[in-house]
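Some notes on the structure that comes next.
The values are calculated or read from the model by the stated rules, or taken from the named source; none is laboratory data. The structure displayed is predicted, hence computed values, not measured ones. Cβ placement follows ideal geometry from the backbone for every residue including glycine, while neighbour counts extend to all protein chains displayed.
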Amino acid sequence: VDYTHSDGNCSVTGGYVYRGSAYPAWNGIYFYGDYCSGHIWAMAPDDAGGWASALVADTDLVISSFGEDQDGELYVIDYGGGTIYRMMPAE
């Protein structure tokens, strides 16, 4: 997957593969973000045997890290606000 430093992107923040049970459609999807832009992407295998990445959230967060709890649910850490957010699908 290509990662450009355009659109305010400056530093990729590695994430986790979703292994929780709350959102079955997310199983096996890798989530990652950008420290400066606040973008969050989802990356999953495509039909051609490669990987496809899609922007799934455009936030105002300063994403410094991701986390995973004992149930496989994912969290994003906002360095700018000092807050931990549980990830969930947009409504």
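The residues in region 31-62 that are under 18 Å from residue 88 (Cα atoms), assigned to a loop (DSSP other than H, G, I, E, B) and either of a type in the set (Asp, Glu) or touching a Leu at 6+ places or on another chain (Cβ under 9 Å) (or both) can be counted, and the count is 2. Pairs are defined by a Cβ separation below 9 Å, a sequence spacing of at least 6 or placement on different chains, a first member in region 75-91 that is more than 19 Å from residue 37 (Cβ to Cβ), and a second member that is at pLDDT 95 or above and loosely packed, with under 10 Cβ neighbours inside 10 Å; the pairs so defined are 89/25.
So that you can scan it fast, the table gives a plain yes or no per residue for (1) over 18 Å from residue 69 (Cβ atoms); (2) touching a strand residue (DSSP E or B) at 6+ places or on another chain (Cβ under 7 Å); (3) surrounded by fewer than 14 Cβ atoms within 10 Å (Cβ to Cβ):
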{"position": "5", "(1), (2), (3)": "yes, no, yes"}
{"position": "8", "(1), (2), (3)": "yes, no, yes"}
{"position": "18", "(1), (2), (3)": "no, yes, no"}
{"position": "23", "(1), (2), (3)": "no, no, no"}
{"position": "26", "(1), (2), (3)": "no, no, no"}
{"position": "31", "(1), (2), (3)": "no, yes, no"}
{"position": "39", "(1), (2), (3)": "yes, yes, no"}
{"position": "45", "(1), (2), (3)": "yes, yes, yes"}
